[in-house]
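Structure first, commentary second.
A short reminder: the numbers here are calculations on the coordinates, not readings from a lab. These figures come from a predicted structure and were not determined experimentally. Heads up, the Cβs are rebuilt from the backbone with ideal geometry, glycines too, and the neighbour counts pull from every protein chain shown.
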Amino acid sequence: MIDLARAGALSALLLLASCASSGLDDPVPLSDSLSRRARVLGKSFGSAVALGALFNDERPELSRRYREVVASQFDLIVPESEMKMAAMWKGPDDIDFSRVDRIADWAVANGLRMRGHVLVWHRSLPAWLVEGRGRGAYANDDVAAMVEWYIRRVMGHFKERYPGLISAWDVANEAIGPNDPRSGGPFGLRPPGSDYRGEGQDFWRLCLGDDYVERAFRWARSADPEAKLFYNDYHDEYGNPKGDAIFDFVSGMLDRGTPVDGIGLQCHVSVAYLDMAFPGIDFSLRSVGETIERWTGLGLEVQVTEADVGMGAGEGRRQAGLFSGLVAAALAERGASAFVTWGFTDAVSWREAERPLYFDRSLNPKESYYAMLDALEALEEGRGGLRP
Ligand code: G3I
C-alpha cells in the first residue's frame, strides 16, 4: 500500500532500449496538450525527464517520440537525476554541469521552464564527500562551507547561463522521516548519520546540525534573491501524521523568518490508497484539497512536484480516476501553481513495475492521460473535476 521503499533506479537508456517497439510505427497523434489546458487556468503542467531518454542514439525513434511528448505536453520539466549532487558534484572545486546543461539547453530551445531539483537531500550524495569526512579529510565546518559554496555555484550557474529558466528550486528535500505515515513515528528530522546509501540517516544533520534546512534556505536566498525557494517532501499532500509533522516543521521555519516561498507535494501515490483504512490517515481528494489550503494559509505557493499513481493489473480505469481527481483537486486551488509528474511513460519510471504513469511503454497515451485532459477541461468550464 504505502510502500515508498525506493525501487532500484532504472536506467532510462536500458529501459528505452528494452521496451517494445510496437506502437512506434503508428504513434497516437497528440492533438491536445496538458500544459496548454493548464495554462488557461494560469497553471503549469510538467514532468520529470531523464537525459538518457531525451537523447538516446541507440533508439532514435523512441527518443524522438519522447521529445515530441515532452515538447507538446509540458511547459515545465525537472531533471529526474542529472541535477542531484551525486550527478554533478565531482570534487571539492568541481561541479560538472555538462549533463544537466544538455537538458537546460533543450528546455530553452523548446520554450520550457525547469524546476531545480535538488540542492540539499540526504540521498544522492557524492561518495567522495561523505567518505572524505569519514576519513577525517573534512571537519563539519568544512562540510558546511562546501555545501554553501555548492548552493551558490549551482544557483549562480543557472541564473547567469539560463536567466528565467528555473521557476522554482527544491532547496531541501525529504528531511522528515520516517517514510511511512503508518509507522507510528515519531515524525521529525531523520536521525543524523553517514549511511547515505541507506534510507534513514541524514548526513546534513550530522555535519551541519539540527538547523541545516534553515541554513540551506538562507544560503539559497543569498545566492539568488529572486529565486522561488521550495521545501519538497512526500505524504504532505493528504491528511496523515507525517504530513502534520512536515507542516509543523515548515511552519516553524517560517516563524523563525526562514525564506521559504513554496511547498512541494510529491504525490507518489497508488490506486490502493483509495482502499486504505488506517487510523489517522485520510487519503481522499477532499483531504488533498484541504491540505493544499492549509499550506496556502501559511502564505506558501504550492506545487505538486512528483506525481505518479501505482496500479495493479486491470486498474487502468481507477488509475485514470485518481490521476484526474488529483489534478482537479490540486489545480482547483488558487495557491497551487503547477502539477508535475515524475515522468510520463511507464517505460521510464522508478516504479516501472507498477505502471504508474499515463503514457504506456510504447509512449502512447493511456486512459489516465485523457482523464487528466478532461479534468483540466472541466476546471476550465467551472465544472470542478472528475472524481474516482
Ligand atoms: O547515472 C548512473 C549511471 O551512470 C550508473 O551506471 C547507474 C548504476 O546504478 O546509476 C545511475 O544513476 C542512477 C540514477 O537514478 C539515474 O538512473 C542512480 O544510481 C539512482 O540512485 C538514481 O535513482 C533516482 C533516485 O531519485 C535517487 O537519486 C531515481 O531515478 C529517481 O526517480 C529518484 O527520484 C526521487 C526524487 O528525486 C525525490 N523524491 C522521490 C523520488 C523517487 O525516489
Output for region 190-223, where each listed residue is without any contact (Cβ under 8 Å) to a residue 60 or more places away in the chain and closer than 18 Å to Ser251 by Cβ: Asp210, Asp211, Glu214, Phe217, Arg218
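Out of the residues in region 252-281 meeting the condition of being aliphatic (A, V, I, L, M) and more than 19 Å from Glu293 (Cα to Cα), tell me which one is nearest to the chain's Cα centre (by Cα). Even if it seems obvious, please write down each step before you answer.
We begin by selecting, within region 252-281, every residue aliphatic (A, V, I, L, M); these are 253-254, 260, 263, 265, 269, 271-272, 274, 276-277, 281.
Okay, now just the ones that are also more than 19 Å from Glu293 (Cα to Cα), so 269, 271-272, 274, 276-277.
Working: Val269: 13, Val271: 19, Ala272: 21, Leu274: 22, Met276: 24, Ala277: 26 Å.
Looking at the filtered set, the residue picked out is Val269.
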Test result for Asp282, touching a His at 6+ places or on another chain (Cβ under 9 Å) and not hydrophobic (A, V, I, L, M, F, W, C): no
Per-region count, region 179-197, residues in contact with a strand residue (DSSP E or B) (Cβ under 8 Å, 6 or more places away or on another chain) and within 17 Å of Asp282 (Cβ to Cβ): 1
Among the candidates Asn173, Asn179, residue that is within 16 Å of the ligand (Cβ to nearest atom) and either of a type in the set (Phe, Trp, Tyr) or under 24 Å from Pro279 (Cβ atoms) (or both): Asn179
Unmet requirement for Gly132, which otherwise passes all of (1) over 22 Å from Tyr231 (Cα atoms); (2) within 12 Å of the ligand (Cβ to nearest atom): (2)
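Per-residue answers, yes or no, for (1) in contact with a strand residue (DSSP E or B) (Cβ under 6 Å, 6 or more places away or on another chain); (2) more than 30 Å from Glu174 (Cα to Cα); (3) among the aliphatic types (A, V, I, L, M):
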{"position": "Leu34", "(1), (2), (3)": "yes, no, yes"}
{"position": "Val40", "(1), (2), (3)": "no, yes, yes"}
{"position": "Ser44", "(1), (2), (3)": "yes, no, no"}
{"position": "Ser47", "(1), (2), (3)": "yes, no, no"}
{"position": "Ala53", "(1), (2), (3)": "no, no, yes"}
{"position": "Asp57", "(1), (2), (3)": "no, yes, no"}
{"position": "Ser63", "(1), (2), (3)": "no, yes, no"}
{"position": "Phe74", "(1), (2), (3)": "yes, no, no"}
{"position": "Glu82", "(1), (2), (3)": "no, no, no"}
Where Ala227 falls short, out of the listed (1) part of a loop (DSSP other than H, G, I, E, B); (2) within 21 Å of Trp350 (Cβ to Cβ); (3) touching a residue at least 60 places away in the same chain (Cβ under 8 Å): (2)
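Looking at Val120, Val154, Val78, can you tell me which residue is under 30 Å from Ala332 (Cα atoms) and hydrophobic (A, V, I, L, M, F, W, C)? Spell out the reasoning first.
Numbers: Val120 fails: under 30 Å from Ala332 (Cα atoms); Val154 fails: under 30 Å from Ala332 (Cα atoms).
Of Val120, Val154, Val78, the one residue that is under 30 Å from Ala332 (Cα atoms) and hydrophobic (A, V, I, L, M, F, W, C) is Val78.
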Hits in region 127-169 - residues which are within 18 Å of Ile95 (Cα to Cα), of a type in the set (Asp, Glu) and either loosely packed, with under 13 Cβ neighbours inside 10 Å or touching a strand residue (DSSP E or B) at 6+ places or on another chain (Cβ under 8 Å) (or both): Glu160
Count of residues meeting criterion [part of a helix (DSSP H, G or I) and within 16 Å of the ligand (Cβ to nearest atom)] in region 347-370: 3
Residue count for region 217-267, restricted to those that are surrounded by fewer than 18 Cβ atoms within 10 Å (Cβ to Cβ) and at positive phi: 1
Among residues of region 276-332, those that are hydrophobic (A, V, I, L, M, F, W, C), surrounded by fewer than 23 Cβ atoms within 10 Å (Cβ to Cβ) and in a helix (DSSP H, G or I), counted: 1
Matching residues, region 214-241, being within 21 Å of Ala330 (Cβ to Cβ) and away from the ligand (no atom under 16 Å from the Cβ): Lys228, Leu229, Tyr238, Gly239, Asn240
Residues (part of a helix (DSSP H, G or I), without any contact (Cβ under 8 Å) to a residue 60 or more places away in the chain and of a type outside the set (Lys, Arg)) located in region 130-157: Glu131, Gly132, Asp141, Asp142, Ala145, Met146, Trp149
